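The values are calculated or read from the model by the stated rules, or taken from the named source; none is laboratory data. What you see is a predicted model, and the numbers here were worked out from it, not measured in a lab. Quick reminder, even Gly has a Cβ in these numbers, built from the backbone with ideal geometry, and neighbours come from all protein chains shown. With ligands, DNA and RNA removed, areas are computed over all heavy atoms of the protein, side chains included. Shrake-Rupley method; radii C 1.70, N 1.55, O 1.52, S 1.80 Å.
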Amino acid sequence: MMKFINIDDESRVPKYQQIIDSIIHNISEENLTMGQKIPSINMFSEEFYLSRDTVEKAYSILKERNIINAIRGKGYYINRTKLISKINILFLVNKLSSYKLRTYNSFINSIGANSHTDLIIYHCDESLFLNLLDKNKSAYDYYVIMPHFKTDDLKHVSFTDKAIKAIKQLPQNKLVILDNYKPEMGGNHVEIYQDFENDIYNALKEGISKIKRYKKIMLVYPEKAVYPYPRRILHGFRKFCVEFKLDFEILDKVFDDMIIKKGDLFITIEESDLVNLVKQAKEDEFVLGEDIGIISYNDTPLKDLLGITVISTDFKIMGETTADMILNNKKGRVKVPFNLIERDSH
C-alpha cells in the first residue's frame, strides 16, 4: 500500500487530510480493495516521518466515515469501497409513500452519476431518527432530511427539541431540510419546503368557483395515524371555510356505510379513505363531479389515471431543486409550488 500513498511536505493541505485524500483516491482507483489490511498507525508514521497523532487523527476520521474499520488485536482494514470518490448523500425520510418516493426518484435523476445516495426510512420515530443521525453524522458529504415526527398519542410534530439538537450537530453547510421548515432554527443550511397551512388555503381558494356549488365540504383528517399529518393542514382548511362562509365538517375517516348526500364535497388525505369513498359513491350511484365531489391531497399517477382532482405539492420539482442546491452549492430557503389540479371528480 505504501507505494500508492503520496504525502507532499510542501503542500499547505494538513498532513492528516493528505492521508485521508490519498487513501480515498486509491480506493477509487481500486489500488485498495474491500477487506484489505492497511498499515498500523506506528508503521504509517515511521514510513512517512509523521507524528503518531497526525496518523491517528486521519484514521479516526476515516473510521467515522466508515471508510476503514478497526479489528481489536488485528489492525485496520478497508471497510467501504462503493463509489467512495463520489459525493455521498444520506436521504433521510419519515415514511416511504408514493409521493415521497417521487421526490427521491426526481432527486436521483437530477443529482447525476457522480454521487451515491443512501435512502433510509425512520418511520416518524424520534429515537430511530436520533440513532441514525448519531451513527452517520460524519459518514456523508450531504444530509437531506425530511423532519416529521409522531408523539406518544400519535399526533404530528414537525420538530422535537432533541431532533433540533441532533440536526444542529451536522455540518450546516451540508444540510438540506426538505418538505418542512423551522424559521427559528437558524444555521447556514438549505430549506426546501411546503407551507402546509397556506398551501391548502390558497389551492382551495383557487378552485372556489366550483367548490361553492357544493352544500357541505368535509375534510377527512386522520386524528391518529401511524404516520400522522401536520395539523397546519387543518388550520388552513378551517381558515378557507370560515372566510368563504362554507358549511364544513372534519371527519376522522371515511366510515363504512357513511351517510353521503348529494352536494357533499370531500377532501381526503389517506389513500384508504379515497378508495373507500369512491367505492361507496359508486354503490350509491353518485356521479363524481356532479352529485358529489372528491378532492384528494397529494397527487399520484393513479389519481391522474382515475381523474381524481388533487391539491398537491410538485414533488418532482422538490427533488430537482434539492439536487440543484447541492450541485451548485446554493443556500437559502425555497418554497415548492403547491397547486389545485382539476380533473373530473369535483
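Of the strands (runs of 3 or more DSSP E) lying entirely inside the stretch 226-311, those containing at least 2 residues that are of a type in the set (Ser, Thr, Tyr) and at negative phi are 293-297.
What are the residues in the stretch 318-332 that are modelled with pLDDT of 95 or more and open to solvent by 60 Å² or more (accessible area, probe 1.4 Å), if any? If the condition is that a residue be modelled with pLDDT of 95 or more and open to solvent by 60 Å² or more (accessible area, probe 1.4 Å), then Glu320 is the only one that fits.
In the stretch 40-51, which residue that is more than 12 Å from Ile19 (Cα to Cα) and not hydroxyl-bearing (Ser, Thr, Tyr) is most open to solvent (accessible area, probe 1.4 Å)?
Going through the stretch 40-51, the residues more than 12 Å from Ile19 (Cα to Cα) turn out to be 40, 42-43, 46-47, 49, 51.
With the extra rule that they be not hydroxyl-bearing (Ser, Thr, Tyr), the set shrinks to 42-43, 46-47.
Numbers: Asn42: 78, Met43: 104, Glu46: 134, Glu47: 101 Å².
Here the residue is Glu46.
Say whether the condition of being part of a helix (DSSP H, G or I) and in the same structural domain as Lys15 (by the TED database) is met by at least one residue in the stretch 64-79.
We begin by selecting, within the stretch 64-79, every residue part of a helix (DSSP H, G or I); these are 64.
This time we only want the ones that are in the same structural domain as Lys15 (by the TED database), so: 64.
Yes, because at least one residue in the stretch 64-79 is part of a helix (DSSP H, G or I) and in the same structural domain as Lys15 (by the TED database).
Residue pairs whose Cβ atoms lie under 8 Å apart, separated by 6 or more positions or on different chains, with the first residue in the stretch 161-182 and closer than 12 Å to Ile145 by Cα and open to solvent by less than 10 Å² (accessible area, probe 1.4 Å) and the second among the charged types (D, E, K, R) and assigned to a helix (DSSP H, G or I), are Ala163/Glu126.
Does Glu206 satisfy the criteria of being out of contact with any His (no Cβ under 8 Å at 6 or more places or on another chain), acidic (Asp, Glu) and touching a residue at least 40 places away in the same chain (Cβ under 8 Å)?
Numbers: out of contact with any His (no Cβ under 8 Å at 6 or more places or on another chain): yes; acidic (Asp, Glu): yes; touching a residue at least 40 places away in the same chain (Cβ under 8 Å): yes.
It is true that Glu206 is out of contact with any His (no Cβ under 8 Å at 6 or more places or on another chain), acidic (Asp, Glu) and touching a residue at least 40 places away in the same chain (Cβ under 8 Å).
As a summary of the residue check, Val13 satisfies the conditions (1) among the aliphatic types (A, V, I, L, M); (2) touching a Lys or Arg at 6+ places or on another chain (Cβ under 7 Å); (3) under 22 Å from Ser138 (Cβ atoms) except for the one numbered (2).
Scanning the stretch 183-203 for residues that are in contact (Cβ under 8 Å) with a residue 12 or more places away in the chain and within 19 Å of Lys331 (Cβ to Cβ), we see that the one that is surrounded by the fewest Cβ atoms within 10 Å (Cβ to Cβ) is Asn188. Since Tyr214 meets every condition but one in (1) farther than 19 Å from Glu342 by Cα; (2) touching a residue at least 24 places away in the same chain (Cβ under 8 Å); (3) open to solvent by 10 Å² or more (accessible area, probe 1.4 Å); (4) in a loop (DSSP other than H, G, I, E, B), which condition does it not meet? It fails just one condition, (1).
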